[in-house]
1. Starting from the eigenvalues of the Cα gyration tensor, five times each then square-rooted, give me the equivalent ellipsoid semi-axes of the chain, largest first, whole Å.
2. Nearest 5 percent is fine: what portion of the DSSP beta bridges confined to region 31-266 is antiparallel?
3. Angle check, please: helix 131-141 long axis (alpha carbons) against the longest principal axis of the chain (alpha carbons), in degrees 0 to 90, nearest 10.
4. With the dipole of region 83-187 worked out from charges on the C-beta (+1 for Lys and Arg, -1 for Asp and Glu) around the Cα centre, which of A171, I183, G117 lies farthest toward the positive end?
5. Using Cα pairs under 8 angstrom and six or more residues apart, how large is the relative contact order of region 149-282, in percent?
6. Can you compute the modelled spin-label distance between F43 and S190, with each label point 7 Å from Cα toward Cβ, in nm?
7. Pop the C-beta distance of D213 and S72 into the FRET formula with R0 = 30 Å and round what comes out to the nearest 0.05.
8. Let me have the relative contact order for the chain, percent, based on Cα pairs under 8 Å that are six or more residues apart.
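FYI, it's all coordinate maths here, none of it is from the lab. Here the structure is a predicted model, which is why all the values come from computation and not from measurement. Because the Cβ atoms are built from the backbone with ideal geometry, glycine has one as well, and the counts that use them run over all protein chains shown.
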Amino acid sequence: MDTQSGELAFGHDAVPASEQSERAKAAEVDDFIIRLVNMGKVFTTSSGDVVALDDICLDIRRGSIQGIIGLSGAGKSTLVRCINYLEVPTSGRVIFEGKSLGDMSPVEVREARRKMGMIFQQFNLLDQRSLLRNVTFPLEIAKTGRREAKKRAMDLLRLVGLEDRARNYPAQLSGGQKQRVAIARALATSPKVLLCDEATSALDPKTTRQILDLLKKINREMGVTVIVITHQMSVIEAICDEVAVIDHSHIAEKGPVSELFSNPKTEIARRLILGDENEEVHFGNNRKVRIVFDGRNAHEPIISDMVMSCKTAVNILFANTREVEGQAVGQMLVELPEKEEEAERITHYLRQRGILFEEVK
């Protein structure tokens, strides 16, 4: 390296170190549409300070579907409201498209917020407005021309499958239809991010699946980054690329969905994935092993192959496995044979095949 010029010596393609740094920063901005850096939120009450969020660090990749999951009271809704500055964090930073919202003027914050659509559990539609006028409402606030706003709203109602109900009112709709209108309204200002705060919690399973399919379509076809706040692991499994687990105001664990399902590292993640079935199994007197399914082909018959190869049976005490993007993830607790020789044959087979497992008491 030429210390005088600050260039890396790669022949004629040498790039100044300062320019390399700028390119790296630009690439980072492009990769992550939202970055939460040491973000905290404290509410002051008559009973004293309440810490809602503490030292939250999370990078949300552009064009992804990011899940944020936790139990009631963990801080999920406060987190989503801090992302778009409906709640102003008391510490740390929210960086949107490379710029800190905390450094923006009120006008700039409002402009940034227009790029983040939001849908809620209770839909929050305006009962006295038709579906068309519900969708045009944010465009009216943005001073969009009436003709342009109407065309945009009809296009969005068509996207969500309700263009023939444009003159209807919210009271005439089912819960799923109301949520479709809420999604259309959230997309009216062409946001780059869609924040979904427990958006399917009030819906039945069939309608939930339809709404999740719609969100995936919006993400895939429109390139909108979707952030899903939920307490339902089934929602994370169905739609998300990445997930962050929030517990008692902290992020306990984060990473790709398949990794979290196959090998949850924290007690709260195991509880959310396995539910009440994660309690200690109290039957079976022999040695037990927990087999981890970490992304193998969902149709690979691991247990039957193991039994046939080792010529001995195992007792399945508990199983929680599922298919995520064509791969099997989850865990299975099995009781090994009583004879030590047969038990060792099973564990040797698992090691030889590279199947993750741990012996449990």
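1. Values: eigenvalues 362, 180, 89 Å².
Values for the chain, descending: 43, 30, 21 Å.
2. Of the beta bridges lying entirely in region 31-266, close to 55 percent run antiparallel.
3. 70 degrees
4. A171
5. Computed value for region 149-282: 16 percent relative contact order.
6. 3.7 nm
7. For D213 and S72, the calculated efficiency is 0.70.
8. On the way: 635 pairs, mean separation 55.6, N = 361.
It comes to 15 percent, rounded to a whole number.
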